[in-house]
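Engineer: Take a look at this one; I'll ask things after.
Quick note: the coordinates plus some simple rules give every number you see, no bench work behind them. Quick caveat, the model's predicted, so the values are computed rather than measured. Ideal geometry is used to build each Cβ from the backbone, glycine not excepted, and the neighbour counts take in all protein chains shown.
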Amino acid sequence: MTNFLHYAWLIPSLPLLGFLINGLLRNKLSKTVSGGIGSAVILASFLLSLYFFVQVKNGNTYTAHYFDFISVGQFSIPFAFQIDQLSSLFLLIITGVGFLIHVYSTAYMHHETAPHFARYFAYLNLFVFSMLLLVMGANYVVMFMGWEGVGLCSYLLIGYWFKNNDYNNAAKKAFVMNRIGDLGFLVAVFWMMQVFGTVDYAGVFKQLPGSIPTSAIVGITLCLFVGAMGKSAQIPLYTWLPDAMAGPTPVSALIHAATMVTAGIYMIARSNVLYALAPTTMTVVALVGLATALLAATIALRQNDIKKVLAYSTVSQLGYMFLGLGVGAFTGAVFHVMTHAFFKALLFLGAGSVIHAMHHEQDMRHYGGLKKYLPITHFTMLIGCLAIAGIPPLSGFFSKDEILIHAFAANPLYYVAGIAGALMTAFYMFRLYTMTFLGSHRGHNHDEKPHESPLAMTVPLMVLAALAVGAGFLGIPELFAHQAHLLQSFLHPIFEKGESIMASYSHHQHPSHNVEWALLAGSVGLIVIVIFFAIRKFSKFTISTGQPSKFAQLLEGKWYVDELYDAVIVKPLLRFGGFLNTVIEKSGIDKAVNGIGKFVQYSSRQMRLLQSGNVGNYVLIMVVALIIIIRIILYN
C-alpha cells in the first residue's frame, strides 16, 4: 500500500517534466525528439493511471498526503492526492485521449520550426499536468490550483500563433471569462473554510447532512456553479469557447473533448453530496444546462466553419451534462463526459485531417466530395457523427439516453426540450458530414488534390472511432440487461451518499420499461428521419449568392450575444475607464500631484525672501512670534 501511494505523484509529474524539458531546451531539440518526449510522458502517465484504475475498481479509496501546503494555527490545508473511482476514470480519459492528441500533433504541426514545435508540446504537457492536478487533488484548494493552471494553459495554447492579433484577443477573452467564473469558485472555497472548517473532500462530506444551514449550502453550491459555468462554457460565460478555435486543431480537441471543459462537470460530480442537499441549486444547474444546450445547438445549425460547428456542438453537449447533474443523473453525466471525450476528440481530429487535406481551408462550403479522397477520415468521422447523434449501438446513444430518461423522470418538459436539442444535433452534424464528404467537390483549384493524412494522424482517428463505438457498452441500461451498467457499479461508492440524500426528498419515479421503450423508439426514429433529411438537403449543396432569411442571419450572427456583451458590458467599461483616465487620473490626481509640487516650489521662493540678512527684520519677526505665542497661552 505504501508503494502504491508513493508513486501517485508520478502521474502529474511526468507531464510536468516533459514541459520543463521541451520548454527549457526548445532551441536545442529536434522536432522528432521534442514530439517524442511530449508524447512519451503522457503515455507513461496513462500506464500509471491504468494501474491505479485497477487498484480502485473494488471500491477502494486512497489519499496520499505529501506536506502541509498552508498551516495557520489549528487550520491546515494539505497538499494531498485522492485516488478513487471518479478521479481514476478521469485520469484515464485525460491521459488516454491526451496521448492520442499528442501523437496526432506530431504530424499536424510538422510545418512549425523546431523551437516553436517544442514550445507547442511544452504547452500541451503543462496543460495535461494542470488537468491531472485538478482531478487528483484531495481538497478544493489543490483542485483550484489545477483549475487555474488549465486556465493559464488555455491562454497559451489558444494564442499559440501569437503574431495574429485576433488569436491573441481570443486567448485574452478565454482568460478573462474564466477569471470571472474562478472568482465564484474562490468565494465558495473561503465560504467552506468558514462553514466547515476544512476544504478536504472527506472533511466536508463527513459533516453532511448535519447542522449546516441550508442557505450556506445553497450559497456555496451556487458559487461553485459560477466557477463551473466559466470553465465549462455555460450561459452566460460560454462565448469564449467558440473563439478558442483560434488555436491549432489538436488544441481544440484537447480543450473541447478531454480536459478543460469537463472540469466543471468533474467539480460538481465530486461535490454531489453538497448539491444533493441544495435542490434549488440543482434546478438552476438543470435549467442553465438545458438553455445552453438549446441555444448552442441553434447557432450550430447555420455555421459554415467546420471547427465552429464542432465548438458550438461542444457547448451544447456540455449543457446536456449539466442537465444530467441537475436532475441527479450523476453517473449519466460522467458517462456522457467519457463518451463525449471519445467522439468529440474524433470529430475535431477528423476536422483537422480535412483542414490539412484542404490546405487549411475551414469553410465547409468549399468542401464536398472528399469521401473518395479521404477514406479513413470519412469513415471515422461518420462514426463520430452517428455517435453524437445518438444512433444505437454507438456510445452517444447510451449516455445521452441515460440523461434524457432521468430528465423525463424529473420533468417531462426537460425531456421534450432535450429531444429538440438532440434533433438539432443530428441535423447540424449530418449537415457537416454531407457538406464535407458527399456531393461534388467545391474546393478551390489547387495543383495538389486532397489526400489522406499520414498514419500519425489516421491511427488516432481509428482508435477513437473504436472507442466511440464500444464505450457505450460500459453503461447498458436496465432496460436491455439486468445489472449491466458497469460504470454505475464502478462509480457507486462516489455517488451513493448523494443519491441516497436525493432519494429522501425527491419523488421522481423512473419510468416503466414500456414507457422507456416508447421514448427510446420515438427519439431514435425522429433522429433517423432528421439525418436522412439533412443528407437529402445538403447532398447537392451549392454556394448560394442570395440573401439568407432574417432568422438565418440571426443564427449566423450567433444570436448577436457577443455584440450584446460588447454594447452592455465592454463599451461602458471602456468609456468608464476612459473617464477615469481623463477626468480622475489626468485632470484630478495628476493635477493635484503637480499642483502640490508647484505650491511647494512657489512657497519656497516666497519664504526665501524672508532670509534678507537684515538683523532688524529678524528681531521684529521674533518679537511678533513671541507676542502671538504669549497671546495663545494666556487666552487658552
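Engineer: Answer rounded, prolate or oblate for the range 498-581, using the Cα gyration tensor with square roots of eigenvalues a ≥ b ≥ c: rounded when a/c is under 1.5, else prolate when a/b is larger than b/c, else oblate. Spell out each step's value before the answer.
Structural biologist: Values: a/c = 5.46, a/b = 1.28, b/c = 4.27.
Judged from the Cα gyration tensor, the range 498-581 comes out oblate (a/c at least 1.5, b/c at or above a/b).
Engineer: Suppose each label sits 7 Å from its Cα in the direction of the beta carbon; what would the L17-F205 distance come out to in nanometres?
Structural biologist: 3.1
Engineer: Which value, in debye to the nearest 20, gives the size of the charge dipole of the range 278-556 about its Cα centre, when Lys and Arg are +1 and Asp and Glu are -1 at the Cβ? Provide the component values of the computation, followed by the final result.
Structural biologist: On the way: 16 positive and 13 negative charges, 169 e Å.
Once rounded to the nearest 20, the dipole reads 820 debye.
Engineer: What Kirkwood hydrodynamic radius, in Å, does the range 564-634 give when the mean of 1/r is taken over all pairs of distinct Cα atoms and then inverted? Walk me through the intermediate numbers first.
Structural biologist: Details: mean 1/r = 0.0589 Å⁻¹.
17.0 Å is the Kirkwood radius here.
Engineer: Helix 375-389 versus the longest principal axis of the chain: what angle, 0 to 90°, nearest 10, using Cα atoms?
Structural biologist: So the helix axis and the longest Cα principal axis differ by about 80 degrees.
Engineer: Can you compute 3J(HN,Hα) from phi for each residue in the range 172-188, using the Karplus curve 6.51 cos²θ - 1.76 cosθ + 1.60 with θ = phi - 60°, rounded to whole Hz and x for Gly and Pro?
Structural biologist: 5, 4, 4, 5, 5, 5, 5, 5, 4, x, 5, 4, x, 4, 5, 4, 4
Engineer: Now for a separate question. Quote to one decimal, in nm, the extra length available between N514 and L50 on full extension: 0.36 nm per residue of separation minus the C-alpha distance between them.
Structural biologist: Details: separation 464, 0.36 × 464 = 167.04 nm, distance 3.90 nm.
Length gained between N514 and L50: 163.1 nm.
Engineer: What is the angle, in °, between the Cα long axis of helix 279-300 and the longest principal axis of the Cα atoms in the chain? Nearest 10 is fine, range 0 to 90.
Structural biologist: 70
Engineer: For the chain, what does the helix formula give at 222 nm: sum of -39500 (n - 2.57) over DSSP H segments with n ≥ 4, over the residue count, nearest 500 deg cm²/dmol? Could you put the intermediate results ahead of the total?
Structural biologist: Working: 27 runs with 439 residues, N = 636.
Helix-only estimate at 222 nm: -23000 deg cm²/dmol.
Engineer: Quick one: Debye curve from the C-alpha atoms of the chain, no solvent, what's log10 I(q)/I(0) at q = 0.07 Å⁻¹?
Structural biologist: -0.48
Engineer: Something else now. Computed FRET efficiency, Cβ-Cβ of I543 and L573, R0 45 Å: what is it to the nearest 0.05? Walk me through the numbers before you get to the answer.
Structural biologist: Details: r = 40 Å, r/R0 = 0.88.
In this case the efficiency is close to 0.70.
Engineer: Considering the Cα trace of the range 278-556, what is its radius of gyration and what is Dmax, both in angstroms?
Structural biologist: For the range 278-556, the Cα-based Rg and Dmax read 19.5, 68 Å.
Engineer: Something else now. With a Förster radius of 30 Å, plug the Cβ-Cβ distance of F379 and L183 into 1/(1 + (r/R0)^6) and report the FRET value to the nearest 0.05.
Structural biologist: Working: r = 45 Å, r/R0 = 1.51.
E(calc), rounded to 0.05, equals 0.10.
Engineer: At what distance in nm do the modelled label points of Q74 and A484 sit from each other, each positioned 7 Å from its Cα along Cα→Cβ?
Structural biologist: 5.5
Engineer: Short version: ³J(HN,Hα) in whole Hz for each residue of the range 40-55, in order, from phi by Karplus 6.51 cos²θ - 1.76 cosθ + 1.60 (θ = phi - 60°), x for Gly and Pro, what are they?
Structural biologist: 5, 5, 5, 4, 4, 5, 4, 5, 5, 4, 4, 4, 5, 4, 5, 5
Engineer: Students often forget the sequence filter, so: which aspartates and glutamates lie under 17 Å Cα-Cα from K400 once same-chain residues fewer than 8 apart are removed?
Structural biologist: Excluding near neighbours in sequence, the set is E478, E516.
Engineer: Would the range 90-169 count as rounded, prolate or oblate if I go by the C-alpha gyration tensor, calling it rounded below 1.5 in a/c and otherwise prolate when a/b exceeds b/c, oblate otherwise? Present the calculation step by step, with values, prior to reporting the outcome.
Structural biologist: Details: a/c = 2.94, a/b = 1.49, b/c = 1.97.
Oblate, because a/c is 1.5 or more while a/b does not exceed b/c.
Engineer: While we're here: In degrees from 0 to 90, rounded to the nearest 10, what is the angle of the helix 10-24 Cα long axis to the longest principal axis of the chain?
Structural biologist: Result, in degrees: 70.
Engineer: Also, quick follow-up: Which loop trypsin sites (Lys or Arg not before Pro) in the range 150-213, with loop taken from DSSP, have no more than 13 other Cβ atoms within 10 angstrom of their Cβ?
Structural biologist: Numbers: sites: K163, K172, K173, R179, K206; in loops: K163.
Of the trypsin sites (Lys or Arg not before Pro), the ones in loops of the range 150-213 whose Cβ has at most 13 other Cβ atoms within 10 Å are K163.
Engineer: Let me ask you something else. Can you tell me which lysines have their Cα less than 30 Å from the Cα of K206? Leave out same-chain residues fewer than eight positions away.
Structural biologist: K57, K231, K497
Engineer: Could you work out how far the C-alpha centroid of the range 17-39 sits from that of the range 341-400, in angstrom?
Structural biologist: For the range 17-39 versus the range 341-400, the Cα centre distance is 30 Å.
Engineer: Give, in nm to one decimal, the length gained when the segment between L526 and N617 is fully stretched (0.36 nm per residue of separation minus the Cα-Cα distance).
Structural biologist: Working: separation 91, 0.36 × 91 = 32.76 nm, distance 10.61 nm.
Here the answer is 22.2 nm.
Engineer: Of all GluC sites (Glu not before Pro) in the range 377-461, which ones are in loop regions per DSSP and have a Cβ with at most 12 other Cβ atoms within 10 Å?
Structural biologist: Numbers: sites: E402, E448, E452; in loops: E448, E452.
For GluC sites (Glu not before Pro) across the range 377-461 that sit outside H, G, I, E and B with at most 12 neighbouring Cβ atoms in 10 Å, the list reads E448.
Engineer: In whole Hz, with x marking every Gly and Pro, tabulate ³J(HN,Hα) for the range 546-560 from phi via Karplus 6.51 cos²θ - 1.76 cosθ + 1.60, θ = phi - 60°.
Structural biologist: x, 8, x, 5, 4, 5, 4, 5, 5, 5, 5, x, 6, 6, 6
Engineer: Near the amide H of G137, under 5 Å away, which other amide H atoms are found, from residues 5 or more places off or on another chain, if H is placed in the peptide plane?
Structural biologist: Q82
Engineer: Straight distance only, please: which lysines reach the Cα of K372 with their own Cα at less than 25 Å, same-chain residues fewer than 8 apart left out?
Structural biologist: Candidates past the 8-residue exclusion: K307, K308, K344, K449, K537, K540.
Engineer: Which value in nm describes the separation of the simple spin-label points at K163 and F67, placed 7 Å from the Cα toward the beta carbon?
Structural biologist: 4.2
Engineer: Give me C385, C153 ranked fewest to most by other Cβ atoms within 10 Å of their Cβ, as a rough exposure proxy. Show your work: numbers first, answer last.
Structural biologist: Values: C385 30, C153 25.
If I rank by nearby Cβ atoms, fewest first, I get C153, C385.
Engineer: Within the range 294-318, list the residues whose amide N lies under 12 Å from a label point set 7 Å along Cα→Cβ of D363.
Structural biologist: 304-306
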